[in-house]
1. What tally of residues in the stretch 68-105 results from selecting those that are assigned to a loop (DSSP other than H, G, I, E, B), of a type in the set (Val, Ile, Thr) and under 21 Å from Glu57 (Cα atoms)?
2. Just need a number here: residues in the stretch 87-120 that are more than 14 Å from the chain's Cα centre (by Cα) and within 20 Å of Pro73 (Cβ to Cβ).
3. Which members of the stretch 106-123 meet the condition of being hydrophobic (A, V, I, L, M, F, W, C), within 19 Å of Cys60 (Cβ to Cβ) and in a loop (DSSP other than H, G, I, E, B)?
4. Please determine, by comparing only the residues of the stretch 32-48 that are β-branched (Val, Ile, Thr) and part of a loop (DSSP other than H, G, I, E, B), which one is farthest from the chain's Cα centre (by Cα).
5. Would you check which residues across the stretch 4-31 are under 12 Å from the mean Cα position of the chain (by Cα) and more than 15 Å from Tyr47 (Cβ to Cβ) and list them?
6. Can you name every residue in the stretch 55-104 that is at pLDDT 95 or above and of a type in the set (S, T, N, Q)?
7. Which members of the stretch 58-85 meet the condition of being surrounded by 13 or more Cβ atoms within 10 Å (Cβ to Cβ) and on the phi > 0 side of the Ramachandran plot?
8. Output the number of the condition that Ile3 fails; it satisfies all remaining conditions of (1) surrounded by 14 or more Cβ atoms within 10 Å (Cβ to Cβ); (2) at pLDDT 90 or above; (3) within 21 Å of Pro95 (Cα to Cα).
Amino acid sequence: MKILKIFPEKCTGCMRCELACSFMQVGAFQPTKSVIRVSSLEAHTSYAPFTCLQCAEGWCMTACPVDAIEISPVDAKIVREDQCVGCKLCMIACPYGTIFYDPESRKAVKCDLFGVRPACAEACPTHAIEWSEGIVEDWLGDFAAERSAFDLTGRAKSQ
């Protein structure tokens with residue numbers, strides 16, 4: 001199965017993924033319409049892209065009171081806009097914070113993998129985002145553990 005793999009240590013914070021995603025979502029370069037976000041870490045000394053990685057647990061699906069989230073043929077959990085009531089329970093349930101709310105449509109939005117070729121992976125010049133064969137796994141755990149071992153100056157924290 002093809003999945004999005006994210007390698008935060010390769011991210012330079014260029015935001016091309018956000019631009020490509022927003023263009024695919026709404027036909028314009030509007031990062032606020034993107035369903036991938038780049039978060040700055042450690043006082044803007046490193047970055048990490050984050051989006052829905054289609055976790056196996058599917059907390060968003062479980063939380064949705066109107067069953068507006070379903071699994072697509074490419075195993076993406078997608079929001080059915082015609083069923084979504086905009087209650088935001090899926091956003092609360094997502095432990096990764098990768099479901100967003102569109103104030104214009106008053107609906108939840110999340111990554112749907114654009115069918116077969118996610119624009120974010122295509123646009124990433126450093127390959128911090130890849131669309132390749134694999135299994136869904138915790139992509140941030142090791143990165144966060146490694147980063148938490150150092151203070152903001154880059155020195156190892158004493159234990």
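The values are calculated or read from the model by the stated rules, or taken from the named source; none is laboratory data. Since this is a predicted model, take the numbers as computed values, not measurements. Cβ atoms come from the backbone with ideal geometry, glycine included; neighbour counts cover every protein chain shown.
1. Residues of the stretch 68-105 assigned to a loop (DSSP other than H, G, I, E, B): 68, 72-76, 80-88, 94-99, 103-105.
Adding the requirement that they be of a type in the set (Val, Ile, Thr) leaves 74, 85, 98-99.
With under 21 Å from Glu57 (Cα atoms) added as a condition, the list becomes 74, 98-99.
Matching residues across the stretch 68-105 total 3.
2. Looking only at that region, the number is 3.
3. Residues satisfying the conditions are Cys111, Leu113, Phe114.
4. First, pick out the residues of the stretch 32-48 that are β-branched (Val, Ile, Thr): 32, 35-36, 38, 45.
From what's left, part of a loop (DSSP other than H, G, I, E, B): 35, 45.
On the way: Val35: 6, Thr45: 20 Å.
That would be Thr45.
5. Matches in the stretch 4-31: Leu4, Lys5, Cys21.
6. Within the stretch 55-104, just Gln83 meets the criteria.
7. Hits for the stretch 58-85 are Gly58, Asp75.
8. Result: Ile3 fails condition (2) only.
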